[in-house]
Each structure stands twice: as C-alpha cells, then as structure tokens.
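Working notes, beginning with the structure itself.
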Amino acid sequence: MERTFHFILNPVSRSGKGRKLWDTVIEPYLQAARVQYEAHFSREAGDITRLAREITSAPGTGLCHLVILGGDGTIDEALQGISDLARVALGYIPIGSGNDFTRDMPIPRDPLKALKRVLEAKETTAVDIGVTSYGDGSSRRFIVSSGIGFDAAVCEETNRSEMKGFLNRLGLGKLTYLGIALKQLFASKAVSCQIRLDGGEPISIRKILFVAFMNHMYEGGGFKFAPRADYRDGLLDLCVVGDLSKALILAALPTAFMGKHYMFRGITAYRAQKVEIQTSAPLWVHTDGEVALRSDRLVVTCQRHALQMYI
C-alpha cells in the first residue's frame, strides 16, 4: 500500500520564506514524483500541536507518516501533539534559522535533499526523546535539549523580542541572541541547586547559571554544549555551568562553539537517564528553545528509542 505523507508546515519559518519554499520547491517536487501527500499549514500559535494531534490520532492501524517543515521550535511543538509516538514515522525538513537538531544528524541542510532522503528511505531509525516534568505536574517532550536558568531566560526574551524577526530577515538573527545573552548574564542572580542523577546522592551546587539537559550535541544556534551526546544511547548529557565569575563566563561562552568549555573550572559534565533538580528560586525552563514557565523543581528523563525517524 502506498504511503501517504502528512506535511506540517510553519509558513513563517526562516522569516516567511517557509511558504515560498513550499510553493516553489517542495510541492512541485512532490507533484512531479507523484507522491501521495496532504499539506497542513499553521496559522496561529498552537496550530502545530493541534495539527499533529489531529493527524496522529486519526483512526487507522498502520504507521502515520508525518513530515515537519520548520525549525527546532516547530518540531518541538509537533512532539507535544503526537498522541502515540509508536504510531508515527517522522521526517524532518530543516527550514528554520537555528536547526541545532540537524547538526549532529545525517539530515541534509538543503530542504530538497532532505525531502528526497525522507521519500527514498527504506526504513526508520529509532531515536531518543526527552521529557521535562515540572513541579506543577505538567510535562513537555523535547528532542534536542531542555534547560533551566540562563539559557532558558535568553530563549524567553528572544522569543518575544521585536528585533528578532527584523534581524532574521537581514540574516543577522544571532545578534538578537547575543545581545539578550549579555543582558541576561549581567542581570542574573545567584541561585543554588541540588541535582540527583539516577536516584543517587544529591549533588549540591552553591551557584548555578544554568543546567542544560542535552539529547543532541548542540543548542542555542551552534553551541556545542554536549560534545559526547548521542541521540540513541538512552542518556541525557548535562552541561552544568556553576560558580564562575561573569568575566570567566564571557571567556567560556565562545569556546562552547567548539565544545571546549569544560576546560573552565565550574563547568561540569554529567550523564544520566533521569535527572531531578531543585533550585532555591524558580527559573525559566525551556524545551527545544520553547519556554512555557518558571519552575524550581524538575524531573528530566530520556526515553530511549521512543520515536521512529526517516534519517
């Protein structure tokens, strides 16, 4: 039986170029190749999650072949809506501005090449999915990373920045992130925390800037926070940035693009399947750059081989 591919597109991805890419490249190729497909477009906040839920919960016994076009935030929103991960075979076409998800995966950055890879794939690959559970009982999935503290605060302010869209259109989107990161760094206040790895003894940290829970190597548009991360090993790689002076943090951040930041005392790597964290004050929390709320208690777990992907 011929597969029907369901494409979910965020038309404003890459500052509005997503829809143009669909109209001029993706859909013409699908039509020429006589692929059986349905296209679904988001129009407002929450649409990606709603569309994914409707598509993957439709009656049927076989796999749902779902293809996401967008950035890391688009695939994160889709993950929240998938009713049963076991019923989905997921393809991904990167058309976002950051695309940290594809940096350590064999997914072409060129959208047409990525499309052909999905359509021509003979089998799927099982990849890990992370789950962040908050103190209020709610939870969110993530596929790239989750984080609490500075990195989440930067994401939160960047996502509501009026300058982000303007600079993205000029190809200068990283300037928004850099400016907000510097602002957040100097505004941050000392917060202590306790971290428990796989039910072990708590690790006390007097002062943290942030903790990143990494399923993939990269976060934040190319920061290689977890050089040893493997998205199929069933473990999360933690990057804990602790008691450093702000001057040292400024020196360390550029080295993170190359994964060399662990040379600085106060930046520590851990690895675990389940992480429990308690902070002395509520901090912003993100999943794949999407910020939902502040929390002072998290349980973050890795679900090994939970999702089948065309990669």
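The values are calculated or read from the model by the stated rules, or taken from the named source; none is laboratory data. Computed from a predicted structure; not experimentally measured. Every residue, glycine as well, gets a Cβ built from its backbone with ideal geometry; the counts of neighbours run over all protein chains shown. Calculation scope for accessible area: heavy atoms of the full protein, side chains included, ligands and nucleic acids excluded. Shrake-Rupley method; radii C 1.70, N 1.55, O 1.52, S 1.80 Å.
The residues listed here are GLY91, GLY18; of these, the one that is surrounded by 21 or more Cβ atoms within 10 Å (Cβ to Cβ), of a type in the set (Gly, Ala, Ser) and in contact with a helix residue (DSSP H, G or I) (Cβ under 6 Å, 6 or more places away or on another chain) is GLY91.
From the list ASP76, ASP151, ASP104, ASP128, which residue is within 21 Å of GLY289 (Cα to Cα) and either in a loop (DSSP other than H, G, I, E, B) or open to solvent by 10 Å² or more (accessible area, probe 1.4 Å) (or both)? Residue meeting the stated conditions: ASP104.
If only residues of the range 284-311 that are in contact with an Asp or Glu (Cβ under 7 Å, 6 or more places away or on another chain) and among the aliphatic types (A, V, I, L, M) are counted, the one that is nearest to ALA45 (Cα to Cα) is VAL291. Residues that are surrounded by fewer than 16 Cβ atoms within 10 Å (Cβ to Cβ), under 30 Å from ALA121 (Cβ atoms) and either out of contact with any Leu (no Cβ under 8 Å at 6 or more places or on another chain) or of a type in the set (Lys, Arg) (or both) do occur in the range 231-242, at least one of them. The set of residues in the range 288-311 that are assigned to a strand (DSSP E or B) and open to solvent by less than 30 Å² (accessible area, probe 1.4 Å) comprises SER295, LEU298, VAL300, CYS302, ALA306, LEU307, MET309.
Against the list (1) farther than 16 Å from GLY91 by Cα; (2) of a type in the set (Val, Ile, Thr); (3) within 19 Å of the chain's Cα centre (by Cα), the condition THR24 fails is (3).
All of ALA252, ALA212, ALA281 fail the test of being in contact (Cβ under 8 Å) with a residue 40 or more places away in the chain, more than 29 Å from ALA114 (Cα to Cα) and small (Gly, Ala, Ser), apart from ALA281. Inside the range 31-73, can you point out the residues that are of a type in the set (D, E, K, R) and open to solvent by 40 Å² or more (accessible area, probe 1.4 Å)? Across the range 31-73, the qualifying residues are ARG34, GLU38, ARG43, GLU44, ARG50, ARG53, GLU54. For residues that are free of Cβ contacts under 8 Å to residues at least 24 places away in the same chain and among the hydrophobic types (A, V, I, L, M, F, W, C), scanning just the range 259-272, find the one that is least open to solvent (accessible area, probe 1.4 Å). The selected residue is PHE264. Between VAL275, VAL285, which is crowded, with 18+ Cβ neighbours inside 10 Å, under 19 Å from the mean Cα position of the chain (by Cα) and either among the acidic types (Asp, Glu) or over 18 Å from THR158 (Cβ atoms) (or both)? The conditions single out VAL275. The set of residues from the range 108-125 being out of contact with any helix residue (DSSP H, G or I) (no Cβ under 9 Å at 6 or more places or on another chain), open to solvent by 30 Å² or more (accessible area, probe 1.4 Å) and assigned to a loop (DSSP other than H, G, I, E, B) comprises ASP110, LYS122, GLU123, THR124. Restricting ARG19, ARG103, ARG87 to those that are at pLDDT below 95 and either aliphatic (A, V, I, L, M) or more than 22 Å from GLN303 (Cα to Cα) (or both) reduces the list to ARG19.
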